[in-house]
């Protein structure tokens, strides 16, 4: 692509309504009529990734070849052992052998890091009063280095990259030029998509030929296409999606294998599902780069997607993930193994070095701190990861640019109906009691086995088990919409919040795990005569984008559709809804990162207002226990990622990790159970009007003084006003 720029060739390869062969998403437009009483209701929004994989697995040929067995030690160690006979790889169970192996790999990683550092910055001379003399050769070398420093590609005409994005581009270019792969783990909302597009433009400007593929969740494909159109209109990009026949036609036309090294061969944008379905066809291409968006999707090394992607011919791989570690170090290793299998090829060896499991339970905090004090074991983990991981957070790179974010937890007491249901759940009598009362609930509404799910439903709204009817047979919520509000403590709170937010001109994103609960909320919103948009796992791709564009394009003056309902799993990835300045987490996800992703649909680049996040919790319910488990999962991430300080390519930016700093990272977060212990759960114990106005007062909340951090029925999560903290992302400073 070194010649004259091409005319725009961006194309949408998918037929919007072509969903034959079960491969497209079913269309489910938002309807003004009620959806609570459909024949098929969904209690909880399914994990799209798991459902997608299960369906695709049934379609795929079961005769897939087996994976190559892992070697007994990383390839780098094998190479080192060839020259250093003292390195006994077969004695890996011995403590001294493990230490030698770890130190060897650490030395190699540090070499990589230093090389990356040297390629990132211009050479500078130290200040001196005397003019320093340099040779002509040295001056020429400095001029060449300055000239060769990667800058924003000329083909990127849609805007100007921010300084940290240019640094990200340089890091990506360095990896590419040296045959390494990595994980771009910038916090959500910092423009990982744009940095990848910059890399594509950079590679094309260097006249590197060969196809590139971007695999992403279905919901993010329109955003990828839009960003390519905006930033690099001269680069051809193709949406590889649609029916089986449509994709076959694309491979015969725009994606001819014989043309894959042509200058105008398009960048291929596709979904995980299509990568699995068409792996045989795609494996015929020799991809220069394979980019996996939302890279945490490959955290399970044994899943079908990982096996199929590994069979594609790729020179370089890049994972994009705002949450590179979610539960265990094994998951992080899986990501590293995918991008650099020659370096991270034996999980058992990795586990023998870093045996951190369930910190605070199986692994005690003091044991971790002691290991760091004696052997720098945590620091060694950081240095091994450093060459392959770059992570910037908004609090650092957008300080003073991105408006602040503040999360406030608001507690709702159970209504008398919810308390009655809770007692029946614990006695395993809810189903028979409801049926005897004329509510036709089945095993779909009331689980015979999963008491926890029943408790979660009750904490949200008792009508999730079935809605009572009037003597005339009409559902009580339709006959009198106020019953929808009065039946649930959270709905009583939600009603008071939304009425005020609507009157004050705010735009709201409301997230829930349960699609049936979204049905109830949608009926409530429509009963108020408010316009509403909605995305869950059943909404077709083009309809999702239409709603997003309409919501973002609507001015605040009319604010007709002031609320957007989203299921956390379907609406928490790759969606830009920065026109909203308020996020309500109606119920929390088991995975804390899902909630963080949901918040960042609004708190991201493009937001020009402070963002207020309300998390609703029902006192005396299972939700309190769930939140404690979520918070505990963050300890490992704080130790491995936050403590690693991957803000600068190849080096720390804030000094060495200390034992005190590590201990601070592993401290417990706010103890919610202790916080609610003094609450009686009385129906009268609700957020009073004075506290309600306080948590809605953005002027006070985002002022230097803020509002009282603890109220009778609310908590302000620490660290929000200045840096945009949240309950699950308040990671401290190492």
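Quick notes on this one:
- Paramagnetic reach from residue 654 (point 7 Å along Cα→Cβ, amide N under 17 Å) across segment 384-417: 386, 390-400
- Site pair residue 244 and residue 313 shows an inter-label distance of 2.5 nm when each label is modelled 7 Å from Cα along Cα→Cβ.
- Placing dummy labels 7 Å off each Cα toward the beta-carbon, the span from residue 110 to residue 420 is 7.0 nm.
- Cβ-derived FRET efficiency at R0 25 Å, residue 542 paired with residue 450, nearest 0.05: 0.10
- Computed label-point distance, nm, for sites residue 433 and residue 712 using a 7 Å Cα→Cβ extension: 2.9 nm
- Estimated FRET transfer efficiency when R0 is 45 angstrom, pair residue 177-residue 704 (beta carbons, to 0.05): 0.45
- Cα gyration tensor shape for segment 506-615, rounded if a/c is under 1.5, else prolate or oblate: rounded
- Computed over segment 506-615, relative contact order equals 35 percent, with contacts defined as Cα pairs under 8 Å that lie 6+ residues apart.
- Listed peptides 513-524, 279-290 appear in the order 513-524, 279-290 once ranked by packing, highest mean of other Cβ atoms within 10 Å at the front.
- FRET efficiency for the pair residue 160 and residue 264, taken as 1/(1 + (r/R0)^6) with r the Cβ-Cβ distance and R0 = 35 Å, rounds to 0.85.
Bear in mind that the values in this text are calculations on the coordinates, not laboratory data. The shown structure was predicted, so the numbers you read here are calculated from the model rather than taken from an experiment. Because the Cβ atoms are built from the backbone with ideal geometry, glycine has one as well, and the counts that use them run over all protein chains shown.
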